[in-house]
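Here the structure comes first, spelled out in C-alpha cells, and everything after it is commentary.
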Amino acid sequence: LAYEEVIRKIKHDGNEKRNVMAVSLLNRAMIFKDLKEYEKSYKLMIQALEIRKKPFKALDKSSGYSSKFISDEKKFHYGNISYTYLNLMDLYTKWDMLDHALSYGDTCSKYLEKFFDQGFQTTGMHYKKYNGLLFQKRATILALKNKYNESISLFEKASAEFDKWPNYDANNFYLMANLLNENNNPYGALEYLDKGLMLCKINNLSIQELEL
C-alpha cells in the first residue's frame, strides 16, 4: 500500500514520522468516507486520533521544534486533534448519526480552547478557521434536524470566523444559500449567492466561484 511505502521512506522514527502517519491515515479515511464506506473511514480516523493524542518526545531532534515548544502543554498539538474531531463530525453526519456527530463537536470545542491557549505563532488564524468549521458543521446538523433558525444563526457565526479564510467563507455562503432555497426563501438564497460571488471576485477564487 502507498501508506506503508510512505512510512518506510521517512528517515526519522520520531515526531515527523508520527505526523505523516496521522495525515496519511486521515487522508485514507476521507477517501473511504466519500466512497460511503463509513466503518472503514471511522477506524482510520480513530487510528489517526490516537497518534495525534500521543505527546511529542522532548528529546526528538528530528521534530524541528524547540525545547520550549516541547514543554508542558505544548507536548500536544491540540489544533491537529481538533481537526480530527471535525472530520469525525463530518463522517457521522454523512453516516446519519447526527447526535453522535454533535457529541464529537462538543469534544472538538474543548480541544479548540486548549489549542487557543497554546499560543503558537499561527494559532489565531487556524483557531478561527477550525472554530468556523465547527459552527458550520453544527449548522449543517441542525439543518438536517429541521432547526432552520438555529442553523442559519450558526452559519452566520461561521462566516464571522472565516474573515481571513475567504475560500471557506465562500463555501459557507453557498451552504447558506442552499438552506434558504430549500426552505422556500429564494430571494434570501440569491442574496447569499451574491455575497459569495463578490467574495470570489475580490479574492480570485475561481473554483469556489464555479460552485456558486
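The values are calculated or read from the model by the stated rules, or taken from the named source; none is laboratory data. Only a predicted model underlies this, so the values are computations on that prediction, with no experimental measurement involved. Every residue, glycine among them, receives a Cβ derived from its backbone with ideal geometry; neighbour counts consider all protein chains shown. Quick note on the areas: whole protein, heavy atoms, side chains included, nothing else; ligands and nucleic acids left out. Shrake-Rupley method; radii C 1.70, N 1.55, O 1.52, S 1.80 Å.
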- In the stretch 146-163, which residues are open to solvent by 70 Å² or more (accessible area, probe 1.4 Å) and either in a helix (DSSP H, G or I) or free of Cβ contacts under 8 Å to residues at least 12 places away in the same chain (or both)? N146, K147, N149, E150, E156, K157
- Item | Residues of the stretch 180-211 classified as within 22 Å of K128 (Cβ to Cβ) and in a loop (DSSP other than H, G, I, E, B), total | 2
- Message: Looking at the stretch 31-47, I want the residues that are open to solvent by 100 Å² or more (accessible area, probe 1.4 Å) and have a partner that is at pLDDT 95 or above with Cβ atoms under 6 Å, at least 6 apart or on another chain. Which pairs are those?
- Response: K40/F32
- Check whether at least one residue in the stretch 164-179 is part of a helix (DSSP H, G or I), surrounded by 13 or more Cβ atoms within 10 Å (Cβ to Cβ) and in contact with a Lys or Arg (Cβ under 7 Å, 6 or more places away or on another chain), and report yes or no. yes
- Query: When only residues in the stretch 1-30 that are open to solvent by less than 60 Å² (accessible area, probe 1.4 Å) and not in a helix (DSSP H, G or I) count, which is modelled with the lowest pLDDT?
  - Reply: I10
- Query: So which pairs qualify, if the first residue must be in the stretch 75-86 and basic (K, R), the second must be surrounded by fewer than 22 Cβ atoms within 10 Å (Cβ to Cβ), the Cβ gap must be under 8 Å, and the two must be at least 6 apart or on different chains?
  - Reply: K75/P55; K75/F56; K75/A58
- Message: Looking at the stretch 137-145, can you tell me whether even one residue there is outside any helix (DSSP H, G or I) and open to solvent by less than 40 Å² (accessible area, probe 1.4 Å)?
- Response: no
